[in-house]
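Worksheet: one structure, shown below.
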Amino acid sequence: MKVFSPPTEYPHWDGLFIAGGITGCPDWQSELIQKLSDTNLVIINPRRANYINGTDIAKEQISWEFRHLVKALAVSFWFPKETICPITLFELGRWSMNNKVIFVGCHPEYSRRFDVETQLNLSLPNTKVVYSINDLSTQIRDFYLRDSGEF
């Protein structure tokens, strides 16, 4: 497994981008990465090791995420209970109308869970929403193995 995080630029057009809450929520990304650590996946993780507040760094972060979402062949989304995740909702809306492979998980107590489930049922009825990081990692792993180890 290889993991790329900002500000490191990932130069290829493949991999799995792990979208979801960063500010005001636990580091769920580390948990998901750990559960997939025995795979050969390339994971593009937007959580910085050290985030410094400021407009310039925020613009750099948003630009980095945008470039890497475009490059990724698959995107997983996690909606934690601690925050509404407005940017993640925006990204889900955008990428659910594309040809990328999409995985979606919501904490059972996520406040907009009903909206995520309903919108996905309308736009991607074959996409199953899961309710734990463990189930999200299983969904990713099963697809990855079924698809010959590639995205």
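The values are calculated or read from the model by the stated rules, or taken from the named source; none is laboratory data. Because the structure is predicted, anything quoted here is derived from the model rather than measured. Ideal geometry is used to build each Cβ from the backbone, glycine not excepted, and the neighbour counts take in all protein chains shown. Surface areas here come from the heavy atoms of the whole protein model, side chains and all, with no ligands, DNA or RNA. Shrake-Rupley method; radii C 1.70, N 1.55, O 1.52, S 1.80 Å.
Observations, loosely collected:
- When segment 57-79 is filtered for residues that are surrounded by fewer than 21 Cβ atoms within 10 Å (Cβ to Cβ), touching a residue at least 60 places away in the same chain (Cβ under 8 Å) and under 23 Å from Gln119 (Cβ atoms), only Leu73 remains.
- Every pair of residues 6+ apart whose Cβ atoms lie under 8 Å, when the first sits in segment 1-27 and is under 16 Å from Ala49 (Cβ atoms) while the second is hydrophobic (A, V, I, L, M, F, W, C) and exposed (fewer than 12 other Cβ atoms within 10 Å of the Cβ): Ser5/Ala49
- Of the residues making up segment 60-101, those that are closer than 21 Å to Pro11 by Cβ and in a helix (DSSP H, G or I) number 13.
- Residue within segment 112-130 that is among the hydroxyl-bearing types (Ser, Thr, Tyr), within 14 Å of the chain's Cα centre (by Cα) and either within 17 Å of Gln29 (Cα to Cα) or at pLDDT 95 or above (or both) present: no
- Residue count for segment 102-151 under the criterion of being polar (S, T, N, Q) and part of a helix (DSSP H, G or I): the result is 8.
- Pairs are defined by a Cβ separation below 8 Å, a sequence spacing of at least 6 or placement on different chains, a first member in segment 92-116 that is more than 19 Å from Leu32 (Cβ to Cβ), and a second member that is open to solvent by 70 Å² or more (accessible area, probe 1.4 Å) and of a type in the set (A, V, I, L, M); the pairs so defined are Ser111/Ile84; Arg112/Ile84.
- Considering residues of segment 1-56 that are part of a helix (DSSP H, G or I) and open to solvent by less than 40 Å² (accessible area, probe 1.4 Å) only, the residue farthest from Phe90 (Cα to Cα): Ile33
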